[in-house]
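Read the structure below first, then the notes.
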Amino acid sequence: MAIPESEFLLSNLTSKSAEYYQRACEVIPGGVTANIKYFAPHPIVMKKGKGSKLYDLDGNEYIDYLLSYGALILGHGHPDVLHAVENQIKEAGTTIFGTPHELETIMAQTLIDLYPGIEMVRYTNSGLEATLLAIRIAMAYTGKKKLAKFEGHYHGGYNQVLLSVNPNLNKAGEPHQPQAVPESPGIPDYYVQNTIILPFNDIEATENILCTHKNDIAAVILEPVQGGFIPAEPTFMKKLRKLTEELDIVLIFDEVKTGFRVSLGGAQEVYGVKPDLTALGKVLGGGFPIGAVGGKRDIMMISAPNQGRDLLTFEEDSGAKKDPLFHSGTYNGHPTVLAAGLATIEVLKKDGVMDSLFNNTNILRQQLETLYHAYGFKMQTLGMGSIFNIILTDRPIRNYRDMLQADMTLRKKIDYELLKAGVYIKPLNRYSMSIVHDEKDIERTIEAHEIALKNVTKL
């Protein structure tokens, strides 16, 4: 199959990445350590990051809007984060204790102060693990065994939630009654049968489905902003909260993408809705791997080990003790990671920082829309806070199925042209802004988009 011209020209500009990729394929399946890192003809391999920029093996400079899928809200190598990490390791004299330490409680209190729905906190090592733990807690708390998730929402790459993220509509059922569609080989039928799929931003259909299965559903999990760029409608969110309370269903907000990016207190602060459980990650780690689950005290206490037996320790008469919900992990609450995260939050809490970030995001969005419309493209930017996406349609976008109206083929061509022009965004992905993207970055980004639009009209 012939390589499209835009991809071929990109490969010429990134020859060292192409050479690296061939070597990587010999020792790593597909040449990447996560499927999302791949795009054709080969991913661009980075060597250095600084501020708002990335630099690849060939020395090409990019304005970075991927920002490790949104994790680096302070940009690459922020001095406050680097100093916090260096100081923590130096003062502790070790990389990890394997015991409780003070930063665990400091970060927990910080999250409790910021997030309306958080009263207690447990740490994990990724956002994926956080959603997994939240679901386990909900099922243990309610005693029910089914999960409800929304079509188009992503909560991690594990069996229980890797369903109907990007489903083929021939298999996905009717819009008001979506069906569970596995997104990977290897997912047992059990999860397909025990996961209820809901239509996002359609409260009437959602209510009908939840009421039908109310005795079986332990939790509803959702991204308050689907994919980081399709916001829930305020009335939908408030009615969903009321409905789950009435049906005794735990409401889980997956704020891995939205945490700190739409507000310091996440989407729940913006919407004025308190979930029962919240999953966090990405920005929380300041560029290091982390996850956290926070929620109501009575729900979170189901995981408290001090009244139960220790699963991994042999005890005499252990059968006399109850079984608490098991949750563990050697690196949970890693001191270095928490130091980086606390430093990140302190920067974001400074006067004017979040306002400036949101203002620059809006400026970029407005200028992009003006540019595309001037060239005759049907386009809108869609998002909230410091994250958004470029959607090549003028029709309203409320959910996954609406996104199928957008011109993805054209968007992909534009994204490859942007890579050649020095703007890094993985093709078809959302944009994340950082506090270090400045006026010059925005000007260069608009110039690169104009070059891209001119080039794609010639292809």
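The values are calculated or read from the model by the stated rules, or taken from the named source; none is laboratory data. Note that this is a predicted model, so its numbers are computed, not measured. Note that each Cβ is placed from the backbone with ideal geometry, even for glycine, and that neighbours are counted across all protein chains shown.
Taken over the range 127-179, the criterion of being without any contact (Cβ under 8 Å) to a residue 60 or more places away in the chain and assigned to a helix (DSSP H, G or I) is satisfied by 132 alone.
Do you know which residues across the range 108-120 are within 15 Å of residue 256 (Cβ to Cβ) and either in contact with a Gly (Cβ under 6 Å, 6 or more places away or on another chain) or polar (S, T, N, Q) (or both)? Outline the logic, then answer.
Our first condition is that a residue be within 15 Å of residue 256 (Cβ to Cβ); within the range 108-120, this holds for 111, 115, 117-118.
111, 115, 118, listed by residue number.
Of all residues in the range 377-409, those satisfying the criterion of being in contact with a Leu (Cβ under 8 Å, 6 or more places away or on another chain) and polar (S, T, N, Q) are 381, 386, 389.
For the range 311-404, give me every one of the helices (runs of 4 or more DSSP H) that falls completely inside it and has 3 or more residues that are modelled with pLDDT of 95 or more and of a type in the set (Gly, Ala, Ser). Break it down into steps so the answer makes sense when it comes.
Values: elements: 335-348, 353-374, 400-403.
Hits in the range 311-404: 335-348.
Residue-wise test of (1) touching a His at 6+ places or on another chain (Cβ under 8 Å); (2) on the phi < 0 side of the Ramachandran plot; (3) surrounded by fewer than 17 Cβ atoms within 10 Å (Cβ to Cβ).
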| residue | (1), (2), (3) |
| --- | --- |
| 397 | no, yes, no |
| 401 | no, yes, no |
| 414 | yes, yes, no |
| 424 | no, yes, no |
| 429 | no, yes, no |
| 432 | no, yes, no |
| 439 | no, yes, yes |
| 454 | no, yes, yes |
| 458 | no, yes, yes |
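Filtered by the rule that a residue be more than 25 Å from the chain's Cα centre (by Cα) and either surrounded by 11 or more Cβ atoms within 10 Å (Cβ to Cβ) or of a type in the set (Asp, Glu) (or both), the range 23-40 gives 24, 25, 26. For the range 22-126, the strands (runs of 3 or more DSSP E) that sit wholly inside it and include 3 or more residues that are out of contact with any Pro (no Cβ under 8 Å at 6 or more places or on another chain) and of a type outside the set (D, E, K, R) are 120-124. Residues of the range 205-235 that are under 15 Å from residue 152 (Cβ atoms), out of contact with any Pro (no Cβ under 6 Å at 6 or more places or on another chain) and crowded, with 17+ Cβ neighbours inside 10 Å: 206, 220, 221, 222, 223, 224, 226, 227, 228, 229, 230, 231.
Residue count for the range 368-377 under the criterion of being surrounded by 15 or more Cβ atoms within 10 Å (Cβ to Cβ) and of a type outside the set (Phe, Trp, Tyr): the result is 3.
Here's the yes/no breakdown for (1) more than 30 Å from residue 285 (Cβ to Cβ); (2) surrounded by fewer than 21 Cβ atoms within 10 Å (Cβ to Cβ); (3) not hydrophobic (A, V, I, L, M, F, W, C):
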residue: 137; (1), (2), (3): no, no, no
residue: 146; (1), (2), (3): yes, yes, yes
residue: 171; (1), (2), (3): yes, yes, yes
residue: 179; (1), (2), (3): yes, yes, yes
residue: 182; (1), (2), (3): no, yes, yes
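Could you check how many residues of the range 21-61 are of a type in the set (Val, Ile, Thr) and touching a residue at least 12 places away in the same chain (Cβ under 8 Å)? The qualifying residues number 3.
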